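Here is the structure we will look at, set down as structure tokens.
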Amino acid sequence: MTLLAYVAADRLSAMLRRHPLANPVLIAVVLTAALLGATGTPYRTYFEGAQFVHFLIGPATVALAVPLYRNRQTVLRAILPMGAALLAGSLAAMLSALLIGRAFGMPEAVLASLAPKSVTAGVAMGIAEGLGGDAALAAVLVILTGAIGAVTVTPLMNGLRLKDMRARGFAAGLAAHGLGTARAFHVNPLAGTFAGIALALNALLSAILAPIVLRALL
Amino acid sequence: MIPGVALILLCQLAGEALAHGTGWPLPGPVLGMILLLALLLANDAWPRPVETGFVTAPAEGLLANLSLLFVPAGVGVVGKLDVLSQYGLGLAVALIASTLIGLAVTALVFAGVARLMAPAGAKGDAA
């Protein structure tokens, strides 16, 4: 089963080379899910095999220190804009998601799973559980958010006529965590670096903000 | 390659241990990242710095394939199709709108404050 999953993942990289704009994760997820459905394999069985790939998210987060270190001067120069953007962006993303969710009448458990949607998956699952949400649902919403962000960030930033790669990358990492960061690294290494910083800072800030914001809204 | 991977894993382990031990709301890997950054910076302050290529090369290899790592979690979507279809429209609107708002607000505030602060030309290094 793991082998089948890897075949799907392999096809992803081939597709990535063929269409640089198509999101590789979406393609790989659809392929793998279709494969699971076709073979009647339960997700649990697949995940047991694929958990090594999933586990690598942790070391990859640690590895973000390397681009951070390489660009330390650039990063230090931008410390104030980063702080302001972090607070504004994190609040804007969380509040808008929760307000829309509430307008659609979602129950509290779904809202709690929705609150950390811009945070990197492992952290978001922890936050959602702490708030009485569903960790697995949170993970799915996180991945969907990341995919949406990764696909929309470039056209959106071009539409806003923002050329500062630091701002574009920071936004991608903040709103769309690892997937936005991966996308930013594809576009520009500097953007990727700022995305990585935003990812780490937002994981931290959201863990603090999510309980406060959710309580204020309910 | 192997020593670099070992160092990354060691930083993660230390981060996880610190997170569990102190009960901070910080995730272990984020603490591990801060630790690795501190090590790299401390190495520079050393009179004869260690060559850091052994850790930067595997780190960059890992980051180049970052999106691949999210596939297993993403496939979890198949187990959540009931909730997703029940609140499908609301979730779709909430996710798309909030992601776009989050992206736009973050980038605009960043660019705005950067412009206020640094008229002296500390623009993005890449156009």
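Computed from the coordinates by the stated procedures, all read-outs in this text should not be read as laboratory data. Predicted model, so just to flag it, every value in this text is computed and none were measured. Methodologically, a virtual Cβ is constructed for each residue, glycine included, from the backbone with ideal geometry; neighbour enumeration extends over all protein chains shown.
Rounded to the nearest 10 degrees, the angle from helix B:2-22 to the longest Cα principal axis of chain B is 70 degrees. Among B:44-57, A:89-102, A:108-121, the peptide with the highest mean count of other Cβ atoms within 10 Å heads the list, and the full ranking is A:108-121, A:89-102, B:44-57.
Using the crude model of +1 on Lys and Arg Cβ and -1 on Asp and Glu Cβ, and no other charge, please compute the dipole size for the protein assembly as shown relative to its Cα centre, in debye to 20. It works out to roughly 880 debye. In terms of packing, defined here as the mean over residues of other Cβ atoms within 10 angstrom, the peptides A:62-75, B:84-97 line up highest first as A:62-75, B:84-97. Normalised Debye scattering of the stretch A:135-218 at q = 0.10, 0.20 Å⁻¹ gives log10 I(q)/I(0) of -0.25, -0.85, counting only Cα atoms as equal scatterers and leaving out solvent. The Cα center of the stretch A:123-154 and the Cα center of the stretch B:22-86 differ in position by 17 Å. Counting Cβ atoms of other protein chains within 10 Å of each residue's Cβ and taking the mean over peptide A:83-93 gives 6.
Take each peptide in A:52-58, A:195-201, B:10-16, A:161-167, count the other Cβ atoms within 10 Å of every residue, and average; sorted highest first, the result is A:195-201, A:161-167, B:10-16, A:52-58. Distances longer than 20 Å among the Cα atoms of the stretch A:63-141: what percent of all pairs is that? Counting every Cα pair in the stretch A:63-141, those more than 20 Å apart make up 46 percent. Over the protein assembly as shown, the alpha carbon radius of gyration divided by the compact-protein estimate 2.2 N^0.38 Å works out to 0.95. Among the residues of A:114-124, the average count of other protein chain beta-carbon atoms within 10 Å of the residue beta-carbon is 4. Couplings for the stretch A:50-60, taken from phi via the Karplus curve 6.51 cos²θ - 1.76 cosθ + 1.60 with θ = phi - 60°, read 8, 5, 5, 4, 4, 4, 5, 4, x, x, 5 Hz in order; Gly and Pro are left as x. Starting from the Cα gyration tensor of chain B, take the square roots of the eigenvalues, sort them a ≥ b ≥ c, and report rounded, prolate or oblate (rounded when a/c is under 1.5, otherwise prolate if a/b is larger than b/c, else oblate). It is oblate, given that a/c is not under 1.5 and a/b is not larger than b/c.
The Cα atoms of the stretch A:79-218 define a convex hull whose projected area, averaged across directions, is 7.6 nm². Computed over chain A, relative contact order equals 18 percent, with contacts defined as Cα pairs under 8 Å that lie 6+ residues apart.
Taken about its Cα centre, chain B carries a charge dipole of roughly 260 debye when the Cβ of each Lys and Arg holds +1 and the Cβ of each Asp and Glu holds -1. What angle, in degrees between 0 and 90 and rounded to the nearest 10, separates the Cα long axis of helix B:53-64 from the longest principal axis of the Cα atoms of chain B? Tilt relative to chain B: about 10 degrees.
The stretch B:1-64: D in µm²/s via Stokes-Einstein (Kirkwood Rh, Cα pairs, 37 °C, 0.692 mPa s)? Answer, rounded: 266 µm²/s.
Taking every residue in A:69-80 and counting other chain Cβ atoms within 10 Å of its Cβ, the average works out to 4.
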